[in-house]
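Everything on this sheet refers to the single structure shown next.
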Amino acid sequence: MRFGVESVRSARICVIGLGYVGLPLAVEFGKKRDVVGFDINASRIEALRAGHDATLEVSDDEIRAAKGLHFSSKLSDLADCNFFIVTVPTPIDQHKRPDLTPLIRASQFIGKVIKRGDVVVYESTVYPGATEEDCVPIIEQASGLKFNQDFFAGYSPERINPGDKMHRVATIKKVTSGSTPEVADFVDALYAEIITAGTHKAPSIKVAEAAKVIENTQRDLNIALINELAIIFNRMGIDTEAVLQAAGTKWNFLPFRPGLVGGHCIGVDPYYLTHKAVAIGYHPEIILAGRRLNDSMGAYVASQLVKAMIKRRIQVEGARILIMGLTFKENCPDLRNTRVVDIVRELADYNVLVDVFDPWVDLAEAQHEYGLDPVAKPSLAAYDAIVLAVAHDSFRDMGAEKIRALGKPAHVLYDLKYLLSPEQADLRL
């Protein structure tokens, strides 16, 4: 089976999974050709058909501009497609093991509609080998077709950064790959239609998978180093940000900052790599050490806050504490794997009353995901401690005076994100 210019021209694309990754991709393709955007969440499809994206990754105008994009939650609407792109989540379970359930379900769906000559490309973050060893056999079993004879596969890792309005799908260089050299060229040519930043064709699917999983593992380890340095400097009475600013005057010093490491990428992806490493008989020391340290930061923040309250002679048990911010990063509504909840849960062990305030958060989603009920508006002069946990612009715009006004006359203000100057906060990470 041959793939060439005509194959690219006749490609009928279906994007499976319309979240933070899939929708922006479907919109870009929909500006140039007919595309089916598929999601099993019927209410999500209904909202997108009405022209609105609740994740705020794509504007209403951008959805309208994608004239060729059609939304569906019906598997039958995929029958005419011949190029499937899978962008479903790849989370971890409570034991920090890869949860391939969404990927398996998507592969089963595809197996029911795939035809001879079709191509399936996965964008979800996985460990090296998952596409060919875990996903492809499911398609083979469901379809009765044979891999690299009747249908083909590729992998092109997503590089979406939620809330980032500068680095978009089209302006981020795209890694592509295919299960045969011809398919690799075909996949690369299709993505090149929409990726203005250019593409990088990896020599194999496994190389592309590995490249994705180490991108965020590298960031995770760098942040873990800075977090450990922050703990050391705090014990020495040295301001960490001042140290980082001084060190940053060297041309090759990397500008990482300490903090909570959550989200769908940095706090999750390393576990996919370590899972595979253990499966092949290697115990990854450094990667897991970095993960343990970053996962412990919520408890560290809570303990530092409690110590500061005790030093101020503020009664801890029964105290009211305000956590400002719940999303995993600033200026976006994304709650996936937010580590702010670690602070909330740790403080609960001290029998304090915690209010969470985040104007970006969907209140129903916060309750569904974490059992939390964020306040619509924090009370004035009500809190014994305030934690600036997320660097939303709206918090920055409030300034120290308005934030302080939320606290009682004697309170502790802990600035995790360096939103305020050193003299304006009582504690900084």
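Once backbone amide H atoms are built at 1.01 Å from N, residue 176 has 200, 201, 202 as its partners under 5 Å, excluding neighbours fewer than 5 places away on the same chain. Stretching residue 424 away from residue 50 to a fully extended chain increases their span by 130.1 nm, per 0.36 nm per residue minus the current alpha-carbon distance.
Dividing the mean sequence gap of close Cα pairs (under 8 Å, 6+ apart) by how many residues the chain holds gives a relative contact order of 11 percent.
Work through the residues other than residue 33 whose Cβ is under 12 Å from its Cβ and net out their charges, Lys, Arg +1 and Asp, Glu -1. Intermediate results must be reported in sequence, preceding the final value.
On the way: positive: 9, 12, 31, 32, 67; negative: 28, 34, 193.
Result for the local shell: +2.
If you take every DSSP beta bridge whose two residues both sit in the chain, what share of them, in percent to the nearest 5, is antiparallel? All intermediate terms of the calculation are to be shown ahead of the outcome.
Working: 2 of 42 bridges.
If we restrict to bridges inside the chain, about 5 percent are antiparallel.
If the range 260-400 were replaced by its equivalent ellipsoid, with semi-axes equal to the square roots of 5 times the Cα gyration tensor eigenvalues, what would those be, largest first, whole Å? Intermediate results must be reported in sequence, preceding the final value.
Values: eigenvalues 181, 71, 32 Å².
One finds semi-axes of 30, 19, 13 Å for the range 260-400.
Computed extension gain for residue 245 through residue 311, at 0.36 nm per residue and net of the alpha carbon distance, reaches 20.9 nm.
Multiplying the sequence separation of residue 65 and residue 279 by 0.36 nm and subtracting their Cα-Cα distance, what value in nm do you get? Please list the in-between numbers first.
Working: separation 214, 0.36 × 214 = 77.04 nm, distance 4.58 nm.
Gain on stretching residue 65 to residue 279: 72.5 nm.
By the Cβ-Cβ criterion of under 4.7 Å, the unpaired cysteines of the chain are 135, 265, 332. Set against the labelled values (i) 24.6; (ii) 21.9; (iii) 23.3, Kirkwood radius over Cα pairs in Å computed from this structure falls on (iii). Spacing of the modelled spin labels on residue 351 and residue 95, each 7 Å from Cα toward Cβ, amounts to 3.6 nm.
May I ask for the net charge around residue 379, where only other residues with Cβ less than 9 Å from the Cβ of residue 379 are counted and Lys, Arg are +1 while Asp, Glu are -1?
Values: positive: 320, 377; negative: 355.
Counting the neighbours of residue 379, the net charge comes to +1.
Ignoring any ligand, DNA or RNA, what whole percent of the accessible area of the range 19-111 comes from carbon and sulfur when the probe is 1.4 angstrom?
Details: 2150 of 4270 Å².
Ligands and nucleic acids excluded, carbon and sulfur reach 50 percent.
Considering only 414, 104, 195, the residue lying farthest towards the positive end of the dipole of the chain is 414, judged by Cα position with unit charges set on Cβ. Three semi-axes describe the equivalent ellipsoid of the range 1-100; taken as square roots of 5 times the Cα gyration tensor eigenvalues and ordered largest first, they are 23, 20, 12 Å.
Residues within the reach of a label modelled at residue 331 (point 7 angstrom out along Cα to beta-carbon, backbone nitrogen below 14 Å), restricted to the range 48-91, are 57. Using the Cβ-Cβ distance between residue 32 and residue 397 with R0 set to 41 Å, the FRET efficiency works out to roughly 0.60.
Measuring gaps between exposed loop sites in the chain (GluC sites (Glu not before Pro); DSSP loop; at most 16 other Cβ atoms within 10 Å), the longest gap, sites not included, is 1-192. Centre-to-centre separation between the Cα atoms of the range 111-148 and those of the range 395-429: 52 Å. Placing a pseudo-label 7 Å from each Cα along the Cα-to-Cβ vector at residue 40 and residue 146 gives an inter-label distance of 3.1 nm. Can you give the convex hull volume of the alpha carbon atoms of the range 8-64 per residue, in Å³? Expressed per residue, the convex hull around the Cα atoms of the range 8-64 is 72 Å³.
The values are calculated or read from the model by the stated rules, or taken from the named source; none is laboratory data. Values in this document were obtained by computation on a predicted structure and should not be read as measured data. In this analysis, Cβ positions are derived from the backbone assuming ideal geometry, glycine residues included, and neighbour counts consider all displayed protein chains. Accessible surface areas use protein heavy atoms only, side chains included; no ligands, DNA or RNA. Shrake-Rupley method; radii C 1.70, N 1.55, O 1.52, S 1.80 Å.
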